[in-house]
Amino acid sequence: MRVYNFSAGPGMLPLEVLERVKRDIPDYENSGMSVMEMSHRSKPYEKINDTAEALMRELMNVPSDYDILFVQGGATNQFSAVPLNIGTVNKKADYVITGNFAKNAYKEGAVQLDAKAAASSEDKNFTYIPELSPDMFRRDADYVHICYNNTIFGTCYDNAPDTGGIPLVADMSSMILSRTVDVSKFALIYAGAQKNIGPAGVTVVIVRHDLTDRADPKCPVMLRYDNQVKNKSLYNTPPCFSTYVVAEVLKYLKECGGVAKIQKINEKKAAKLYDYIDGSDYYVNSVDKRFRSIMNVPFISPNKDLDAAFVAQAAENGLVSLKGHRLVGGMRASIYNAMPPEGVDALIGFMEKFKKQNKV
Ligand SMILES: *Cc1c(COP(=O)(O)O)cnc(C)c1O
């Protein structure tokens, strides 16, 4: 039996995609083999690789002067790849600290260059996104790095901040393709696939082409964007199977009507859950309403014992992986693209039942 999986990552995938993948496993498009067994230099795999890129470009409306890469190492590897590739002119970069991943990116940046925390929301346990203006950044910074959606704390930017022309880099791991984004406002976007668009093992990098000419000579070859661009992400054996599943998810997303359509559905799901929490007089989400994520919804019950009971009983009812991150506690419902509205309804139904049975 399938459950409603609220895991923050790897997250749920659409059942339709899983069924297609299952159908294709012994024999992909009459090749006589599955994609797992296929040479990455073969015609069918080249087509998969091209399809993933073309659909990504189409769905995100990526301008033609941007390259799209499918690489390994997770979003975390990009914490090092970004400074080594584009932080090389003045060797300075400014970071906005809005959570754990943002901080990890900053720490890794500091290994390679002069990294500065330009703003932070740690004073209020990352429950908001700091107000940003161009004068907060060093004019000679090679880039400004932000984490667009903060998976652990449940905050999200409402727009790309104005950096006054400094290239803007965004980690979009937990919101890519959940809502429309104007790619032209960013110099570089990266995202691990396993939250919203596929299995673990592949990371999407969207980089403005003119920024791929400045890699540090000491940058490892696998991290070099120019190398990956030149080889269409096929410099060495790529994560073939993961990229193939991503391509299937993108096809499915297109069939569903694209990003604007899924955004409407996502906003509706999230609004329903937040409205229930806010009106419950029992559950609390402490994120500043202006910056609430539509992907990750952390909440607490009246006390820690009830939190633990909630997580356990929810799982018995087919609502799994609701335990909050250890930095926040309580619960967290990750409601990525693949979480159907019925899953959110079932969660709200359970929350109401639990509240009635556990009065304080
Ligand atoms: C999960 C996550 C990461 C880490 O991703 P890996 O692919 O495991 O390296 C980084 N940033 C954000 C925003 C995430 O949600």
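All of the numbers you see were taken from the coordinates with simple rules; none came from a lab. For clarity, every value in this text was computed on a predicted model and none was experimentally measured. When we count neighbours, we look across all protein chains shown, and the Cβ atoms used for this are built from the backbone with ideal geometry, even at glycine.
Residue separation of D210 and A315 scaled by 0.36 nm, minus their Cα-Cα distance, works out to 32.9 nm of gained length.
Ordering of 313-326, 14-27 by packing is 313-326, 14-27, highest average first (other Cβ atoms within 10 Å, averaged per residue).
Between F350, G257, T127, the Cα set farthest toward the positive side of the dipole of the chain (charges on each charged residue's Cβ, about the Cα centre) is that of F350.
Could you state the orientation-averaged shadow area of the convex hull built on the Cα atoms of the stretch 209-268, in nm² to one decimal? Before the final figure, lay out the partial values.
Details: hull surface 24.7 nm².
Approximately 6.2 nm², given one-decimal rounding.
Of the residues V328, N85, P161, the one whose Cα sits farthest toward the positive end of the charge dipole of the chain, with +1 on the Cβ of Lys and Arg and -1 on the Cβ of Asp and Glu, is V328. Size descriptors for the chain: radius of gyration and Dmax over Cα atoms are 20.7, 63 Å. Shape analysis of the stretch 244-309 based on the Cα gyration tensor places the equivalent ellipsoid semi-axes at 31, 15, 9 Å, largest first. In whole percents, the pair-distance distribution calculated for the stretch 32-109 from its alpha-carbon pairs, binned every 5 Å from zero, is 3, 12, 15, 15, 17, 16, 11, 7, 4, 1, 0.
Pairs over the 28 Å Cα-Cα cut-off, from the set K107/K232; K195/K289; K195/K251; K92/K289; K304/K356: K107/K232; K92/K289.
Counting neighbouring Cβ atoms within 10 Å and putting the fewest first, the residues M136, M172 line up as M136, M172. By the beta-carbon count within 10 Å of each Cβ, the least crowded to most crowded order of C240, C256, C147, fewest first, is C256, C240, C147.
Give the calculated FRET efficiency between V284 and S184 to the nearest 0.05, with a Förster radius of 45 Å applied to their Cβ-Cβ distance. Kindly include the intermediate steps, with their values, before the conclusion.
On the way: r = 38 Å, r/R0 = 0.85.
The value I calculate is 0.75.
Multiplying the residue separation of A200 and K356 by 0.36 nm and removing their Cα-Cα distance gives an extension gain of 52.3 nm. Think of each Lys and Arg Cβ as +1 and each Asp and Glu Cβ as -1; about the Cα centre, that makes the dipole of the stretch 1-104 roughly 400 debye.
Averaging the Cα positions of each part gives two centres, and for the stretch 237-283 and the stretch 77-120 these lie 28 Å apart. Taking amide H as placed 1.01 Å from N in the peptide plane, the amide H of A117 sits under 5 Å from that of Y95, each at least 5 places away or on another chain.
Rounded to the nearest 20 Debye, what is the dipole magnitude of the chain about its Cα centre when Lys and Arg each give +1 and Asp and Glu each give -1 at the C-beta? Intermediate results must be reported in sequence, preceding the final value.
On the way: 43 positive and 42 negative charges, 97 e Å.
For the chain, the charge dipole is close to 460 debye.
Stretched out straight at 0.36 nm per residue, the stretch from K261 to L234 would grow longer than its current Cα-Cα span by 6.5 nm. Take each peptide in 182-192, 262-272, count the other Cβ atoms within 10 Å of every residue, and average; sorted highest first, the result is 182-192, 262-272.
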